[in-house]
Amino acid sequence: MVKTKNGVFIAAVLMSLSAPAWAQTSKTPETQGAVQTAATAQAAPDADRLERARLAGACLGQLGLSEAGCVCFTERAVAELSNLQRDYLLATAIAPRAAERIGRDVKPADLQSLAKFIDAVGQVCAGAK
């Protein structure tokens, strides 16, 4: 099971409208690379690159995976989760009050699917290099 740094299982998150604090202030090599790697995906429009950067940053801050693990997690999230699931995942990590509001639109089946995704993909991506 993938856990957050404080031991609480991460269940989801929502995308904020402005860049999150970690994207503005993070200058450490551990976080900078994954955010830059995810943010500079050539094929993605600006909004998609920003979403990837936020997902990678949330991964680094909440899941404790390596840079490569967070790039893996981010790419899988973009490919496998619905827009609503990704929004809720980001909201949980970045804007908990917004996650409460968006949570009203998330069906229990989506939450279960998201929790399984985080657990399974987190374990798979933990070994990424």
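Each value in this text was obtained by applying a stated rule to the coordinates, not by laboratory testing. Given the structure is predicted, the values throughout are model-derived calculations rather than measurements. Ideal geometry is used to build each Cβ from the backbone, glycine not excepted, and the neighbour counts take in all protein chains shown.
An ellipsoid equivalent to region 36-129, defined through the eigenvalues of its Cα gyration tensor, has semi-axes of 20, 16, 12 Å when rounded to whole angstrom and sorted largest first. Model label points for ALA109 and ASP46, set 7 angstrom from Cα along the Cα-to-Cβ axis, are 3.7 nm apart.
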